[in-house]
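Contents: one structure, followed by commentary.
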Amino acid sequence: MLGTLVSAIAFGIVLASVIAIAAMGFTIQFGLTNVLNLSYGGIMTIGGFAAYLVTSHGLSAWYGLGVGAVAGAIVTLLVGRGIFTMYARRGARVFEMMMVTLGLGLVIDYGLQALSRNNVYEFTVLQSAPFRLGPIILTPIQVIIIGIGLALFAGLEALLRLTRIGKALRAMAADPALARACGIRTRQIIVLTWLLSGALCGLAGVVYIINSQSVGYTTGELFLPLVIAAAILGGAGSPAGAVLASLLMGVVTQVVAAYGGSLYSTAAGFGVLVIVLLSRPSAVLTKQANEELTLA
Amino acid sequence: MSAWSFYLSTLAVYFGVDVLSGISLNLQYGYAGVVNLAYIIFQSVGAYVAAATALGPDTGAAAFQHYIFAANLPFPVPLVLATLAGGALAGIVGLFSLRRMRRDYQGAIMLIVSLIALQVVTADVSLFNGSNGLTGVPKPLSWLPLSPLAYQWVYAGWVCIFCIAVYLLVRWLSRSPWGRALKAMRDQEEAAGALGLNITVLRLQVFVVGGLIAGLSGGLLVEYIGAWSPGAWGYAETFVIFTAIFVGGLGNYRGVVLGVLLVPVVFLQVTQFLPQIGYPGLMDSLEWVVIGLLFMLCLLVRPRGLLPERKPLAAEGSLPFEATGLLPYLGRRFGKSAA
């Protein structure tokens with residue numbers, strides 16, 4: 001009985017690592033630019049497909065991770081600088097921008113459906129025999145995924161806390177106008193934000209398909225709600241919050257799956273969001289003043 | 001000739017159902033600023049309830065599918081129940097998700113609600129037969145002595161009656177003091193609250209009214225097509241209706257009718273006539289791509305739609321996305337004390 005719980009928690013931590021990588025990128029992007037980017041899931045899928053193409057041509061999955069990150073970063077930068085800025089200049093506010101990203105998500109998702117001929121492709125790389133650790137049975141790749149998640153979190157925190165660029169990023173997130181007045185090159189910082197969050201997004205896509213062993217056009221669409229929920233729960237702009245929220249959602253999802261059947265496991269993850277919404281509304285309630293987009 | 005007539009009558013039914021959807025979303029977003037990206041689940045609950053309460057018990061001949069609310073009720077009752085189900089679900093969802101928050105948060109949370117509902121109904125076969133959905137819903141007016149073609153047109157007329165009735169009702173509602181309070185809430189929420197309007201209650205009210213219309217539209221649609229499954233209610237379906245009301249013009253009903261005529265009816269149906277290119281299913285994918293592009297283009301080129309809302313005089317000259325003055329909306333409500 002206890003064994004079931006412990007191994008469910010272990011699986012939860014694996015899932016949480018995948019959610020956390022995506023949620024860290026999402027929360028940085030959202031915290032700095034104020035764009036609630038619903039095309040994020042589609043860009044995750046682009047990263048996944050890029051990695052699939054690379055590995056199916058014989059390169060190792062480690063290159064796949066790199067290619068996925070680069071693809072995510074480039075697409076995000078193009079979309080952010082090209083499309084979102086265009087709407088912001090014409091006076092779009094946060095809600096119109098969110099609808100634009102939803103439309104863009106539709107374009108990306110179904111564009112990928114057209115390109116992938118509506119197929120789901122197998123992605124079985126880095127697979128090897130599972131090992132036992134007490135009651136827990138994990139595969140080496142699951143341990144690697146947890147490692148990647150931890151390394152990215154540590155790297156991101158170090159970047160934000162220890163470097164001048166990190167300081168500038170945090171200053172922008174706190175008050176863009178003041179940051180600009182202090183001589184921070186906001187334009188470059190925004191470009192950096194798109195690249196950084198896009199790379200995390202692409203990486204998350206690759207890690208997700210390594211974990212689920214398949215890639216299809218709905219990959220990101222199905223995963224995005226968990227990512228958004230984790231980012232909202234953790235508080236916009238806070239990677240540490242996003243990681244904690246991901247852990248909570250990952251573990252709850254897997255524990256419910258272990259005891260109550262997989263039917264309601266994903267719904268239970270969202271149940272956490274609903275409960276927090278009801279009990280700690282300050283997590284999502286923001287001041288009216290904070291409705292400005294920061295894109296340039 | 002009769003093939004054309006059949007096709008046109010089918011289009012007429014879809015048009016009517018989509019107009020109901022457009023009216024519902026326009027009331028919620030165009031008038032009240034409440035973002036309902038979960039619209040399709042309220043239509044779906046109406047469809048499922050109308051189907052289950054008309055199908056009869058899920059034993060014997062119907063034992064191949066499982067559903068709750070099984071009943072064999074006479075003709076107009078399932079439709080009434082569908083309407084009420086839409087309103088009830090909207091009330092429940094609204095109670096916990098209509099908190100005061102930024103509109104984009106609100107939209108994202110509604111989207112998540114929509115996706116959870118889809119997941120649960122698809123996974124849990126005992127609710128509404130899982131991913132296979134319900135089928136074999138009896139045709140409601142089948143006792144009429146009509147040829148299949150005549151039945152089509154009679155049903156289209158039946159949907160049309162509801163459209164006109166709902167249109168008149170909602171137009172009356174939105175011109176009433178309640179409707180002006182909605183617009184005040186949309187444009188200046190804090191000020192509207194300061195004037196004594198109960199924002200929370202107003203939001204819940206408009207959400208439930210929209211939910212009732214959504215449930216009705218779902219009931220009408222399922223009684224026409226005879227089947228309903230999770231494939232019919234992805235989030236993209238909500239997005240199509242949003243695109244329609246944005247293209248037509250928010251905040252007025254001529255815009256809704258025009259938008260619905262252009263986007264789901266003409267736009268999505270015209271593609272059926274184009275020569276099929278590539279592998280089967282490619283055109284369907286591209287259709288959604290183009291809907292996404294159409295929305296983005298519309299917001300870029302005509303953010304207020306083809307038929308923009310007529311703003312009150314005091315608000316003339318305001319920017320497209322800008323808030324307008326409050327007073328014109330509240331004139332009659334507070335006019336007596338001022339005069």
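The values are calculated or read from the model by the stated rules, or taken from the named source; none is laboratory data. Nothing here was measured: the structure is a model prediction, and the numbers come from that model. Cβ sites come from the backbone with ideal geometry, for glycine too, and all protein chains shown count toward neighbours.
Which residue pairs have Cβ atoms closer than 6 Å, lie 6 or more positions apart in sequence or on different chains, and pair a first residue in the stretch B:240-255 that is without any contact (Cβ under 8 Å) to a residue 60 or more places away in the chain and within 14 Å of chain A (Cβ to nearest Cβ) with a second residue that is surrounded by 24 or more Cβ atoms within 10 Å (Cβ to Cβ) and aromatic (Phe, Trp, Tyr)?
Close Cβ pairs (under 6 Å, with a partner that is surrounded by 24 or more Cβ atoms within 10 Å (Cβ to Cβ) and aromatic (Phe, Trp, Tyr)) amount to B:Thr243/B:Phe295.
For the stretch B:89-103, which residues satisfy the criterion of being part of a helix (DSSP H, G or I), touching a residue at least 12 places away in the same chain (Cβ under 8 Å) and within 11 Å of chain A (Cβ to nearest Cβ)?
Selection gives B:Val93, B:Leu95, B:Ser97, B:Arg103.
Please indicate, with yes or no, whether at least one residue in the stretch B:297-310 is surrounded by 15 or more Cβ atoms within 10 Å (Cβ to Cβ) and modelled with pLDDT under 85.
For the stretch B:297-310, residues surrounded by 15 or more Cβ atoms within 10 Å (Cβ to Cβ) and modelled with pLDDT under 85: present.
Assuming A:Leu178 fulfils every condition listed in (1) within 18 Å of A:Leu195 (Cβ to Cβ); (2) free of Cβ contacts under 8 Å to residues at least 12 places away in the same chain; (3) away from chain B (no Cβ under 14 Å) apart from one, which condition is it?
(1) is the only condition that A:Leu178 fails.
Residues in the stretch A:30-84 that are assigned to a helix (DSSP H, G or I) and within 13 Å of chain B (Cβ to nearest Cβ): how many? Write out each step before concluding.
The first filter runs over the stretch A:30-84 and keeps only residues assigned to a helix (DSSP H, G or I), leaving A:30-33, A:40-56, A:61-84.
Checking which are within 13 Å of chain B (Cβ to nearest Cβ) leaves us with A:30, A:33, A:40-42, A:79, A:82-84.
Here the count works out to 9.
Collect the residues in the stretch A:253-264 that are modelled with pLDDT of 75 or more and either buried (at least 20 other Cβ atoms within 10 Å of the Cβ) or within 12 Å of chain B (Cβ to nearest Cβ) (or both), keeping them in residue-number order.
Those that are modelled with pLDDT of 75 or more and either buried (at least 20 other Cβ atoms within 10 Å of the Cβ) or within 12 Å of chain B (Cβ to nearest Cβ) (or both): A:Thr253, A:Gln254, A:Val256, A:Ala257.
Give the number of residues within the stretch A:88-130 that are among the aromatic types (Phe, Trp, Tyr) and either surrounded by fewer than 19 Cβ atoms within 10 Å (Cβ to Cβ) or under 30 Å from A:Ala10 (Cβ atoms) (or both).
Here is the first cut: in the stretch A:88-130, the ones among the aromatic types (Phe, Trp, Tyr) are A:95, A:110, A:121, A:123.
Narrowing further to those that are either surrounded by fewer than 19 Cβ atoms within 10 Å (Cβ to Cβ) or under 30 Å from A:Ala10 (Cβ atoms) (or both): A:121, A:123.
Counting residues in the stretch A:88-130 that are among the aromatic types (Phe, Trp, Tyr) and either surrounded by fewer than 19 Cβ atoms within 10 Å (Cβ to Cβ) or under 30 Å from A:Ala10 (Cβ atoms) (or both) gives 2.
Among the residues of the stretch A:85-124, how many are closer than 27 Å to B:Met101 by Cβ and in a loop (DSSP other than H, G, I, E, B)?
4
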